[in-house]
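Read-outs: derived from the displayed coordinates by stated rules, not from any lab. Note that this is a predicted model, so its numbers are computed, not measured. Here Cβ is always computed from backbone atoms with ideal geometry, including for glycine, and neighbour counts include all displayed protein chains.
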Amino acid sequence: MRCMGVDPGTHRIGVGIIDISGPKMICCHYELIENSGDDKIANFKTTAAAISRLVKKYKPDIASVEKLFFTSNQKTVMAVSEMRGVIINTIAGFNIPLSEYTPLQIKMGVTGYGKADKGQIERMVRLILGIKEKIKPDDVTDALAIAICGATNYNPY
């Protein structure tokens, strides 16, 4: 089984793709989608095209996206919500089962600790997926953690 994890953002979207065979998980691919400029519609198009390209190339069986958590900055929440909509709609267009997880669920799923910091998450992602080198940037680490969470919680029934 193959799982795609996506960490949404307005200008930086992390994508991680992992293969699962029994209890073993292996990193298949990861990348950062970067949008430049303030043209929101152009950024939506760039993101949708990149997600489509990755789905066509890697053919994930399932996908997971991070849910938004509430913050005091409503402008940021709205912008990320819009990009999440683009990402979810693009994945849904390929009829891929999609799950969503909060940051707390992702931290618990990967480290067993809901208040894990970025370093702890990165170390566990590397350990679980057998990645030797540092994973940069954090958006990509988060995307791989989201994929791990999606893979371990997937129930086709």
Open item on the list: Within a 10 angstrom radius of the beta carbon, how do Tyr58, Tyr101, Tyr157 rank from fewest other beta carbons to most?
Closed with: Tyr157, Tyr58, Tyr101
TODO: Just rank Ile51, Ile62, fewest to most, by other beta-carbon atoms within 10 angstrom.
DONE: Ile62, Ile51
Task: Gained length - Asn153 relative to Ile131, 0.36 nm times residue gap less alpha-carbon distance - done: 5.8 nm
Task: Inter-label distance, nm, simple model (7 Å from Cα along the C-beta direction), His29/Asp138 - done: 2.6
TODO: Take every DSSP beta bridge whose two residues both sit in the chain, then give the antiparallel share in percent to the nearest 5.
DONE: 65
Open item on the list: Quick check on packing: order 15-22, 77-84, 39-46 by the mean number of other C-beta atoms within 10 Å, highest mean leading.
Closed with: 15-22, 77-84, 39-46
